[in-house]
Amino acid sequence: DGGITQSPKYLFRKEGQNVTLSCEQNLNHDAMYWYRQDPGQGLRLIYYSQIVNDFQKGDIAEGYSVSREKKESFPLTVTSAQKNPTAFYLCASSSGTGGSYEQYFGPGTRLTVT
Amino acid sequence: AQSVTQLGSHVSVSEGALVLLRCNYSSSVPPYLFWYVQYPNQGLQLLLKYTSAATLVKGINGFEAEFKKSETSFHLTKPSAHMSDAAEYFCAVSDRETGGFKTIFGAGTRLFVKA
């Protein structure tokens, strides 16, 4: 089955530690995205990548970093500089970046930092 | 600049009743519009999308939405609610200028279905 996998489902970290969230897709999509979801705020774009070895900041990139070394993988690192990292993180992909392309989402990772 | 407003953070209906979830958008160019559904602790799934082919768009699970340019609206409806429709619904907009990576999501509307 084609789709997007995110691991782990739940992640717990202590304040001051960096943590990396995994996102893998086997849909052969060029574009991939990371969103943060907080209650009542919808989805906010952290980073996106249109092609391998290229990525751009979204609306809330501060305190996060990404890499895109392979087409199927787009890991997100939440660094200790992110002031409020506890949230639900969603990875998505699309076959193109024209406006009509819908996004396919992974199941999400819930990160709790204490 | 694009924006999306979903009217009502929570909507409650009885099983078998009409579902109406409201979405208004703002875009300086013709938009692409989407409705996604999210079940608890899961990712989003596309319900339907408008890409200018037809103003009335039919989606999965019996949902449909109508694009009304004069009202800048894209409301989601379903004639008869089922218990399994209880979820959170997101309206989203992108446009031909900025491309899909500038998809803007609304804050979401949580649908409750009463037996």
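Might you tell me the accessible area per residue for segment A:71-114, computed with a 1.4 Å probe and given in Å²?
In whole numbers, segment A:71-114 has 35 Å² accessible per residue.
Just how many % of Cα pairs in segment A:1-103 lie over 18 Å apart, if you round to the nearest whole percent?
45 percent
Over segment A:51-114, what per residue volume does the convex hull of the Cα atoms give, in whole Å³?
Hull volume over Cα atoms, normalised by residue count, gives 103 Å³.
Can you give the accessible area of B:M83 in Å² (nearest 10), computed on protein heavy atoms with a 1.4 Å probe?
Accessible area of B:M83: about 80 Å².
Calculate the spin-label point distance for B:A53 paired with A:L27, positioning each point 7 Å from the Cα along the beta-carbon direction, and give it in nanometres.
It is 1.7 nm.
So what's Rg/Rh here for chain B, counting alpha carbon atoms and using the Kirkwood radius for Rh?
0.96
Can you return the lysines within cross-link range of B:K78? Criterion is Cα-Cα under 26 Å, with same-chain partners fewer than 8 residues away left out.
B:K49, B:K58, B:K68, B:K69, B:K114
Quick check: at a probe of 1.4 Å, how many percent of the accessible area of chain A sits on carbon and sulfur atoms?
Its accessible area is 46 percent carbon and sulfur atoms.
Would you list, by chain and number, the lysines whose Cα falls below 22 Å from the Cα of A:K14, excluding same-chain residues fewer than 8 positions away?
In chain and number order, the partners are A:K83.
Quick one: compute the contact order of chain B, relative version, from alpha carbon pairs under 8 angstrom and 6+ residues apart, as a percent.
37 percent
Chains B and A: what accessible area do they bury, summed, in square angstrom to the nearest 100, with a 1.4 Å probe?
So the total buried area for this chain pair works out to about 1800 Å².
What do you get for Rg/Rh over segment B:14-54 if you use C-alpha atoms and the Kirkwood form of Rh?
For segment B:14-54, the value is 1.05.
Considering only A:P39, A:P75, A:P85, give the residue with the highest GNM mean-square fluctuation for chain A, with springs between Cα atoms whenever their separation is below 10 Å.
Maximum fluctuation in the GNM of chain A, among the listed residues, is at A:P39.
Just checking the output field for B:38-51: average partner chain Cβ neighbours within 10 Å of each residue's Cβ?
Across the residues of B:38-51, the mean count of other-chain Cβ atoms within 10 Å is 4.
Tell me which aspartates and glutamates have Cα within less than 16 Å of A:K71's Cα, excluding those fewer than 8 residues away on the same chain?
Reachable aspartates and glutamates: A:E24, A:D30, A:D54.
Can you give me the orientation-averaged projected area of the convex hull built on the Cα atoms of segment B:32-74, in nm²?
Quarter of the Cα hull surface area: 3.3 nm².
In whole percent, and with a 1.4 Å probe on the protein chains, what portion of the accessible area of segment B:1-91 is carbon and sulfur?
For segment B:1-91, the apolar C and S fraction of the accessible surface comes to 52 percent.
Cut-off 10 angstrom, C-alpha nodes, Gaussian network model of chain B. Which of B:A87, B:A17, B:A53 fluctuates the most?
B:A53
Once all Cα-Cα distances of the protein assembly as shown are split into 10 Å bins that start at 0, what whole-number percent is in each one?
8, 33, 35, 20, 4, 0
Which of B:E64, B:E15, B:E88 ends up with the largest GNM mean-square fluctuation for chain B, with Cα atoms connected below 10 Å?
Comparing B:E64, B:E15, B:E88 in a Gaussian network model of chain B, the most mobile one is B:E15.
The values are calculated or read from the model by the stated rules, or taken from the named source; none is laboratory data. Just so we're clear, the structure is a prediction, and the values are computed from it rather than from any experiment. Counting neighbours? That spans all protein chains shown, and the Cβs are built from the backbone with ideal geometry, glycine included. In case anyone asks, the SASA skips ligands and DNA or RNA and just uses the protein heavy atoms, side chains included. Shrake-Rupley method; radii C 1.70, N 1.55, O 1.52, S 1.80 Å.
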